[in-house]
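To keep things clear, I will list the structure first and then write my remarks on it.
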Amino acid sequence: MKKHSFKDWVLATRPWSFPASAMPVMVTIAWAWAKGIQVNWWFALWALVNIIFVHAAGNVWSDIADYRRGVDAEDTFGVHTLVDKQFTVEEYHRLSLILNAIAIVGGLALVALTGWPLLVIGAIGIALSLLYPRLKYMALGDLVIALCYAFLPMTGTSFIVSGAIHWNVLWLAVPVGLITVAILHANNVRDIETDNRAGISTFPMFTGRRFGARLYAFEVLFPFVWLLGLMVFGIEPWWLLIAFAALPVAFGNARTILDYERGGKESYANLDERTAKLQLLFSLLLTIALVISKFF
């Protein structure tokens, strides 16, 4: 059996995707602090680390399912770790179990320290993570991603850091969640033919690539319209304009996929990774804006 380095194991979890789970937590922490809510910083750090373990476990579990179902193959884009025999399925199974165990133990400890509402939120999140491959194959992946990487973690984090659920944070879950969903959507638009061959269903398979490309553009551009609305109606401070520094990147991503007919699949083969970077930039700027608003 091939011996793997620690770096190999880390790369197997697809760390480039972690902003999708980490940044909603960061935004929530910054939002709570900016609103004058007393934040437990140790619990905040704990929540951030724990959700990354949940995400890593979900990535490995999903890769196993995609490999077994034939979604990941030699002629497909994306993850080839199992396809290229860099790891065995058994090794991935062990890795998934270890990551899930760490996430569950960490989550239960937080429940004991905070309260039962977190147990409900966490149980839904873990269940959706484990069911994600099956739901993804039924064209429900976008919904699961929005729940697991925006609405649930932002609700849960507000409770963890303050002891109460602050529903108003969900105003920001909409733009953060849309960009996160766009990560999966970019992948699904690219892989319509190979996903069809594997016998699974994704949303772009029903709508076609043209509409799928337009929907992706909406998912990465509408968040800025939403932020503008929050500022105009006085829900959030005008400092959120700082996040608009990410708008050129969003326009670039949208232009890439909308021009798919001329550029071909290769032109947007890595758009999922580029969208994860957009998520990181957008949410980081949003976090900075919220922190600055605390002082003005």
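For the stretch 74-211, the spherically averaged projection of the C-alpha convex hull amounts to 9.6 nm². Shown here are the Rg and Dmax of the Cα trace of the stretch 215-286, at 13.6, 43 Å.
Pick out the long, greasy-scoring helices in the chain: whole DSSP H runs spanning 27 Å or more along their own axis by Cα, mean Kyte-Doolittle at least 0.5. Walk me through the numbers on the way to the answer.
On the way: long enough: 41-69 (42 Å, 0.55); 89-114 (37 Å, 1.32); 116-136 (28 Å, 1.37); 170-190 (30 Å, 1.34); 209-232 (34 Å, 1.11); 271-293 (32 Å, 1.22).
Correct list, ordered by number: 41-69, 89-114, 116-136, 170-190, 209-232, 271-293.
In terms of its Cα atoms, the stretch 1-151 spans 52, 35, 25 Å along the principal axes, sorted from long to short. When the alpha-carbon atoms of the chain are used, the pair Rg, Dmax equals 19.0, 60 angstrom. Annotation: extensible slack from PHE295 through HIS93 equals 68.0 nm (criterion: 0.36 nm per residue apart, minus Cα-Cα distance). In terms of other Cβ atoms within 10 Å, MET205, MET26 run from fewest to most in the order MET205, MET26. In the structure shown, the pairs LYS85/LYS277; LYS3/LYS85; LYS7/LYS136 are assessed against 23 Å; a Cα-Cα span above that value is assigned to LYS85/LYS277; LYS7/LYS136. Normalised radius of gyration (Cα atoms, divided by 2.2 N^0.38 Å) for the stretch 85-139: 1.39. In this rough spin-label picture, where each label sits 7 Å from Cα along the Cβ direction, the ARG210-ALA245 distance is 3.9 nm. Place a point 7 Å from the Cα of ASN40 along the Cα-to-Cβ direction; which residues of the stretch 102-121 have their backbone N under 13 Å from it? Those under the cut-off are 107-119.
Pairwise alpha-carbon distances in the stretch 152-277 exceed 18 Å for 58% of all pairs.
Taking packing as the residue-averaged number of other Cβ atoms within 10 angstrom, the listed peptides 270-283, 228-241 run from highest to lowest as 270-283, 228-241.
Here, the stretch 220-259 has an Rg and a Dmax of 11.6, 37 Å when only alpha carbons are counted.
FYI, it's all coordinate maths here, none of it is from the lab. Source: prediction; values computed, not measured. We place every Cβ from the backbone using ideal geometry, glycine too, and count neighbours over all the protein chains shown.
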